[in-house]
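Student: Got a structure for you, questions after.
The values are calculated or read from the model by the stated rules, or taken from the named source; none is laboratory data. Note that the coordinates shown come from a computational prediction; the quantities given were computed from them, not determined experimentally. Cβ coordinates were reconstructed from backbone atoms using ideal geometry, including for glycine residues, and neighbour counts include every protein chain displayed.
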Amino acid sequence: MAVNEQATVVEALGVAIATRVPVLLWGAPGTGKTSVIRALATAAGWPCETVIASIREPSDFAGLPVVSNHDGRGSRVDFAPPQWAHRLVEAGYGLVFFDEVSTAPPAVQAALLRVVLERTVGDVTLPEGVAVVAAANPPEQAADGWDLSAPLANRFCHLDWPVDARTLADGLAGGWPVPRVGAVHAGWERRLTTTRSWIAGFLTVRPALAVVVPDDAAGAGRAWPSPRTWDMVARLLAGADAAGAGDAARSALVRGSVGPGPGVELLTWLAEADLPDPEQVLADPDSFELPERGDRAYAALSSIAAAVAADPTPDRWARGWVVFGKAGERAADVAAAAARTLARCRPPGAPIPPEVVAFTPLLRDAGLL
């Protein structure tokens, strides 16, 4: 079982890296977290820059201030980045690995905030092809360990690294398997419109989960829901779909982003909602059946409108309105709430289909007609 659990975490880790969602691997000391991350980079052929957070200063991330004179126009202060950042910029892609994050003091954690979120080190911005990965020991198992600050923790997808005696025995006897990053097909971002619509539908029925900051330091230092982490979930689900990831890896990614409770609620809601694929609906609008529940109906219609907005050809726009016309006959209020997105993406010169008539007052009030 543990072998499968470890393979699941490696699969989830690969999806997070491929979608460029910052990911933090938690585990006891000496369990191979650092080795598996470096092995992933080696197997993918990526340069990997390892930065030990516990022995760094804030200036190693915020940049070292340097006073210089530019063209005789007076002096100014530049923030010089370290060499590891320069090497990644020159490569244009790769992996920056922040190790021992839970032993970094609060000042260093604060300096890491902009690196993890904005990918900015001093006056240099890391290329989009650079993935951010970190590893940490639980504070009670780390040398002079600290709980992660809530702002830093909320920038990561948190994954737990499992190890048992059988896994260790197999590795010692037969060698350690080489982990590989799963292939996430090009164009996975097009799926984002659908996954974001799903989450929007879920939050209409569970608005209290939009932001839940834990009261205790230990909880705030792990995964919890916020607008940022819900958007991370959308990216990870889109990437998981493109990679063909298993249900266990998808679950680990969702729970690792927004926490176990909210994550399980979302996964359960998605399983029960049985939402249609928007592209299949657009291919055959007459086959669309509106879900009975309002939250699921809103999620389905929003994903269809978002799919049209991602590729707004006149034919797709007209097909989208056929769907909304059917939905308006059964749930006018739900259809009207999602119709704004469809109205905004009207292709130039596209004729107004007859289904728009039912939504004319709403769209006129919103300035869309």
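Student: Give region 15-32 a look and list any residue that's part of a helix (DSSP H, G or I) and surrounded by fewer than 24 Cβ atoms within 10 Å (Cβ to Cβ), or say none.
Tutor: Within region 15-32, Ala18 is the sole residue that qualifies.
Student: Sticking with this one: Please work out which residue is surrounded by the most Cβ atoms within 10 Å (Cβ to Cβ), limiting yourself to region 220-244 and to residues that are over 15 Å from the mean Cα position of the chain (by Cα) and modelled with pLDDT of 90 or more.
Tutor: The selected residue is Gly221.
Student: Can you pull out the residues in region 52-68 that are within 26 Å of Ala18 (Cα to Cα) and in contact with an Asp or Glu (Cβ under 7 Å, 6 or more places away or on another chain)?
Tutor: Correct list: Ile52, Ala53.
Student: Criterion first (in a helix (DSSP H, G or I) and in contact with an Asp or Glu (Cβ under 7 Å, 6 or more places away or on another chain)) does Thr204 satisfy it? Break it down into steps so the answer makes sense when it comes.
Tutor: On the way: in a helix (DSSP H, G or I): yes; in contact with an Asp or Glu (Cβ under 7 Å, 6 or more places away or on another chain): yes.
In short, yes.
Student: Quick one: which of Ala358, Ala339, Ala299, Ala327 is under 24 Å from Arg191 (Cα atoms) and modelled with pLDDT under 85? Give the derivation first.
Tutor: Details: Ala358 fails: under 24 Å from Arg191 (Cα atoms); Ala299 fails: modelled with pLDDT under 85; Ala327 fails: modelled with pLDDT under 85.
After ruling out the rest, the residue left standing is Ala339.
Student: Restricting attention to helices (runs of 4 or more DSSP H) lying wholly within region 273-369, give those where 3 or more residues are in contact with a Pro (Cβ under 9 Å, 6 or more places away or on another chain).
Tutor: 294-310, 314-330
So that you can scan it fast, the table gives a plain yes or no per residue for (1) surrounded by fewer than 23 Cβ atoms within 10 Å (Cβ to Cβ); (2) in contact (Cβ under 8 Å) with a residue 24 or more places away in the chain; (3) in contact with a Lys or Arg (Cβ under 8 Å, 6 or more places away or on another chain):
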{"site": "Leu282", "(1), (2), (3)": "yes, yes, yes"}
{"site": "Tyr298", "(1), (2), (3)": "no, yes, no"}
{"site": "Ala310", "(1), (2), (3)": "yes, yes, yes"}
{"site": "Ala332", "(1), (2), (3)": "yes, yes, no"}
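Student: Right, here's the next one. Looking only at residues that are of a type in the set (Gly, Ala, Ser) and in contact with a Leu (Cβ under 9 Å, 6 or more places away or on another chain) in region 80-128, which one is modelled with the lowest pLDDT?
Tutor: Ala80
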